[in-house]
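Engineer: This is the structure, below, for whatever I ask next.
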Amino acid sequence: MVELKKQSELFKNLLELKYEPVAVIFTNDQVSTGKYEKTPICRAIKLASEGGCYIVDKETSTCPGGSRYCGFSGTPTMDEKRRLQNFLTRGEKLTSSIVSFERMQKLSVEPPTGLSDRIIICPLSLAEKRPDVVLFLVNPEQACRLVTLDTYWDGLSPDQRIIGALCQTSISYSLMTGNTNLSMGDWTARHHQEFDPDILFLSIPYERMDNLIKAVPKCSAGDASVLLPDDL
């Protein structure tokens, strides 16, 4: 879509982005553009930011957490939950106890269980359908500028979810709440996928993108000049 390519180029040039803005599209339609192969969703995000296109469904999603957080599987059975508790507290060691793990789960939004048959994860410039979420891999300064553009019109700080699995905080949280979200991702995904140390994950529901674009010529976080009064 020409419009999506123009939007991608706008932000790439404005912010001097190292990585492609990533389109995340939930769909029930059959699609043929993109690699259809087994991959964890965090890996698909990394490769899409480098120019790749991926089609992910319950057959190709190789991470149980990613499958649940992005809607391909439901609430784990008791045995599955016990294995997950053990894995996170004694294997990955990302949380101290089964209680802290339960808090982490219950204080977030419910995942989009059964929402779609598949997810397309690709560069925004190559998307052939309207995205549901646009994900930016950015440094802190770029994140600051995007958040400033996002809040330029109403001045309202979005509710944030900074901890949790990368696929949860960078995709499903914004998808389900409509909130822009800034996340550091999770340590396991960062480490295994070798994301740059300074990368943050800023996810913007696509319906908010028009506000950002309209703010660019008016806001100094975009390309508006700062004008200081003479008496300052």
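Engineer: At what distance in nm do the modelled label points of Ile162 and Lys58 sit from each other, each positioned 7 Å from its Cα along Cα→Cβ?
Structural biologist: 3.6 nm
Engineer: Tell me which of Leu182, Pro217, Ile199 sits at the most positive position along the dipole axis of the stretch 181-227, charges placed on C-beta atoms (Lys, Arg +1; Asp, Glu -1).
Structural biologist: Pro217
Engineer: Whole-Hz Karplus ³J(HN,Hα) for the stretch 84-92, in order, using 6.51 cos²θ - 1.76 cosθ + 1.60 and θ = phi - 60°, x for Gly and Pro?
Structural biologist: Residue by residue, the stretch 84-92 yields 5, 4, 5, 5, 6, 8, 10, x, 5 Hz.
Engineer: Shifting gears a bit: If we count every other residue with Cβ under 14 angstrom of Thr151's Cβ, Lys/Arg +1 and Asp/Glu -1, where does the sum land?
Structural biologist: Net local charge, Thr151 excluded: +1.
Engineer: Could I ask something else about it? Please give the charge dipole size of the chain, origin at the Cα centre, charges +1 on K and R Cβ atoms and -1 on D and E Cβ atoms. Round to the nearest 20 debye.
Structural biologist: So the dipole magnitude of the chain works out to roughly 780 debye.
Engineer: Using the basic label-point model (7 angstrom from Cα toward the beta carbon), what is the Cys144 to Lys106 distance in nanometres?
Structural biologist: 3.9 nm
Engineer: Keeping the other protein chains in place, figure out the carbon and sulfur percent of the accessible area of the stretch 148-232, with a 1.4 Å probe.
Structural biologist: Its accessible area is 54 percent carbon and sulfur atoms.
Engineer: Hey, if you drop one equal point scatterer on each alpha-carbon of the chain and run the Debye formula without solvent, what base-10 log of I(q)/I(0) do you get at q = 0.10, 0.11 Å⁻¹?
Structural biologist: -0.46, -0.56
Engineer: In the chain, once you exclude exposed trypsin sites (Lys or Arg not before Pro) (DSSP loop, at most 15 other Cβ within 10 angstrom), what's the longest stretch remaining?
Structural biologist: With trypsin sites (Lys or Arg not before Pro) excluded where exposed in loops, the chain gives 94-217 as its longest stretch.
Engineer: Name the most mobile residue of Val56, Val22, Val109, meaning the one with the largest mean-square fluctuation, in a Gaussian network model of the chain with Cα contacts below 10 Å.
Structural biologist: Comparing Val56, Val22, Val109 in a Gaussian network model of the chain, the most mobile one is Val109.
Engineer: Find the all-direction average of the projected area of the Cα convex hull for the stretch 113-232, expressing the result in square nanometres with one decimal place.
Structural biologist: For the stretch 113-232, averaging the hull's shadow over all directions gives 9.5 nm².
Engineer: So, one more: With a 1.4 Å probe and all protein chains in place, put Val99, Val133 in order of accessible area, largest first.
Structural biologist: Most to least solvent-accessible, the answer reads Val99, Val133.
Engineer: Across the stretch 156-163, in residue order, what do the Karplus-derived ³J(HN,Hα) couplings come to in whole Hz, using 6.51 cos²θ - 1.76 cosθ + 1.60 with θ = phi - 60° and x for Gly and Pro?
Structural biologist: 9, 6, x, 5, 10, 10, 8, 10
Engineer: A further question on this structure: Based on Cβ point charges of +1 for Lys and Arg and -1 for Asp and Glu, what charge dipole magnitude is obtained for the stretch 1-115 about its Cα centre, in debye rounded to the nearest 20?
Structural biologist: Here the size comes out at about 440 debye.
Engineer: Could you tell me the relative contact order of the chain? Use alpha-carbon pairs under 8 Å, at least six residues apart, and round to a whole percent.
Structural biologist: Once normalised by length, the contact order is 25 percent.
Engineer: Also: Output the peptides 178-185, 221-228, 110-117 sorted from most to least packed, where packing is the average of other Cβ atoms within 10 Å over each peptide's residues.
Structural biologist: Ranked by mean Cβ neighbours within 10 Å, highest first: 178-185, 110-117, 221-228.
Engineer: Tally Lys/Arg at +1 and Asp/Glu at -1 over every other residue whose Cβ is under 14 Å from the Cβ of Arg161; what's the total?
Structural biologist: -1
Engineer: Can you give the helix-only mean residue ellipticity at 222 nm for the chain, where every DSSP H stretch with n ≥ 4 adds -39500 (n - 2.57) and the sum goes over all residues, rounded to the nearest 500 deg cm²/dmol?
Structural biologist: Computed mean residue ellipticity for the chain: -9000 deg cm²/dmol.
Engineer: So for the chain: antiparallel DSSP bridges make up what percent, rounded to the nearest 5?
Structural biologist: Restricted to the chain, the bridges split so that about 90 percent are antiparallel.
Engineer: So what is the relative contact order of the stretch 13-142, in percent, for Cα pairs below 8 Å that sit 6 or more residues apart?
Structural biologist: RCO, the stretch 13-142: 46 percent.
Engineer: Oh, and also: If the only charges are +1 at each Lys and Arg Cβ and -1 at each Asp and Glu Cβ, what is the size of the charge dipole of the stretch 118-232 around the Cα centre, to the nearest 20 debye?
Structural biologist: Rounded to the nearest 20 debye, it is 440 debye.
Engineer: Moving on to the next point. What is the calculated FRET efficiency for Asp154 to Val99, with r their C-beta to C-beta distance and R₀ = 30 Å, to the nearest 0.05?
Structural biologist: In this case the efficiency is close to 0.20.
The values are calculated or read from the model by the stated rules, or taken from the named source; none is laboratory data. Model, not experiment: these values are computed from the prediction. For neighbour counting, all protein chains shown are included, and Cβ atoms are generated from backbone atoms with ideal geometry for every residue, glycine included. Heavy atoms of the whole protein, side chains included, go into the accessibility calculation; ligands, DNA and RNA do not. Shrake-Rupley method; radii C 1.70, N 1.55, O 1.52, S 1.80 Å.
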